[in-house]
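The values are calculated or read from the model by the stated rules, or taken from the named source; none is laboratory data. As the structure is a computational prediction, the values presented were derived from the model and not from experiment. The area values use the complete protein model at the heavy-atom level, side chains included, leaving out ligands, DNA and RNA. Shrake-Rupley method; radii C 1.70, N 1.55, O 1.52, S 1.80 Å.
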Amino acid sequence: MKDIKCIIIGRTNVGKTLFAINFSNYLGCKKINLESIYFDNSRTNKTFTRKEAILQLTDKEPHKTRCLNKFQVTIPVGKKKRQIAIVDSTGIIDNIHPEPDIRKAISQTLSIIKESKIVLHIIDVSAMLNKKTISSLGEVDYHIASFCQMKTGYAILANKIDILGSEVGLKKLRSEFPGNYILPISALHKRGFKEVKNFVVRNAQL
Ligand SMILES: Nc1nc2c(ncn2[C@@H]2O[C@H](COP(=O)(O)OP(=O)(O)O)[C@@H](O)[C@H]2O)c(=O)[nH]1
Ligand SMILES: [Mg+2]
């Protein structure tokens with residue numbers, strides 16, 4: 001049976017990679033077996049502990065991730081166990097990026113959205129009120145939401161709710177995206193993960 005694809009998308013620095021690492025750990029992966037797929041379709045495999053993955057794959061600087069990173073997890077769906085590929089991706093931006101390699105990686109992100117049953121769109125609610133932050137809400141977030149409107153497996157994850165003042169951002173997010181399913185989370189502290197897991201399980205069953 002084919003893996004169910006669950007892609008994690010969003011602007012750069014919103015916390016996609018940290019979420020992918022901590023969520024797969026929450027789903028029971030003690031070791032992270034990561035398959036990286038590059039835009040030329042070349043692939044590498046690496047095994048990390050959670051700590052190593054956080055140190056090597058996440059960063060304060062934008063565009064640390066420049067490929068699709070596949071985290072293989074197994075979750076109970078009904079009475080069976082199903083393989084789910086949690087796919088972390090290169091952050092998308094409002095404009096055209098000057099670096100060709102990043103542009104190619106971004107187009108790789110966009111091309112996989114269509115074939116993913118589950119799309120988790122991460123938005124940094126701590127940066128909602130600060131337009132100057134790299135991870136703040138952008139035009140591209142509205143484009144994603146309208147492109148994914150027809151998908152039942154589409155949810156917005158309102159990340160960084162551990163940061164002071166983020167509840168104001170969450171309120172604004174809810175008013176900007178009234179028709180969408182929004183789950184508040186902290187990728188750092190694994191908050192809201194139970195709700196995300198339930199959403200993934202529900203949609204994997206469909
Ligand atoms: N406080 C806080 N920081 C976070 C959270 N999620 C991510 N970060 C930080 O945001 C930065 C970017 O995270 P990363 O996962 O690399 O973002 P990506 O570019 O979307 O993959 C890193 O410094 C993370 O530690 C969160 O829930 N809370
Ligand atoms: Mg990343």
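Structure data summary
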read-out: Accessible-area ranking of 29, 6, largest first, probe 1.4 Å; value: 29, 6
read-out: The stretch 1-70: Cα Rg divided by the 2.2 N^0.38 Å rule of thumb; value: 1.09
read-out: Heavy-atom SASA rank of 59, 141, 162 (probe 1.4 Å, accessible area, largest first); value: 59, 162, 141
read-out: Alpha carbon centroid spacing (whole Å) that separates the stretch 142-205 from the stretch 48-63; value: 22 Å
read-out: Residues of the stretch 53-206: accessible area per residue with a 1.4 Å probe, Å²; value: 52 Å²
read-out: Most mobile of 43, 103, 66 in a GNM of the chain (Cα contacts under 10 Å); value: 43
read-out: Residues with amide H under 5 Å from that of residue 9, placed H, sequence gap 5 or more; value: 120, 121, 122
read-out: Spherically averaged projected area of the stretch 55-122 from its Cα convex hull (nm²); value: 5.9 nm²
read-out: Residue-wise HN-Hα coupling along the stretch 181-187, computed from phi with Karplus coefficients 6.51, -1.76, 1.60 (Hz; x: Gly, Pro); value: 7, 10, 10, x, 9, 10, 5
read-out: Protein accessible area in the stretch 4-205, 1.4 Å probe - carbon and sulfur %; value: 53 percent
read-out: Whole-Å semi-axes of the ellipsoid equivalent to the stretch 46-199 (Cα gyration tensor, √5λ, descending); value: 23, 21, 18
read-out: Distant-in-sequence amide H partners of residue 82 (H built 1.01 Å from N, under 5 Å); value: 75, 77
read-out: Cα Rg, Dmax (largest Cα-Cα span) when computed across the stretch 106-160, Å; value: 11.9, 33
read-out: Long-range amide H partners of residue 191 with built H, under 5 Å; value: 186
read-out: Beta bridges by DSSP in the chain, antiparallel share as percent, to the nearest 5; value: 50 percent
read-out: Which listed pairs, of 5/104; 104/171; 51/151, have C-alpha distances above 28 Å, in listed order; value: 104/171; 51/151
read-out: ³J(HN,Hα) computed for each position of the stretch 7-20 - Karplus, 6.51 cos²θ - 1.76 cosθ + 1.60, integer Hz, glycine/proline x; value: 8, 10, 10, x, 5, 6, 6, 7, x, 4, 5, 4, 5, 4
read-out: Mean separation of Cα contacts under 8 Å, 6 or more apart, over the residue count of the chain: relative contact order %; value: 25 percent
read-out: Reach of residue 80 by Cα under 19 Å, taken over aspartates and glutamates that are not fewer than 8 positions away in the same chain; value: 3
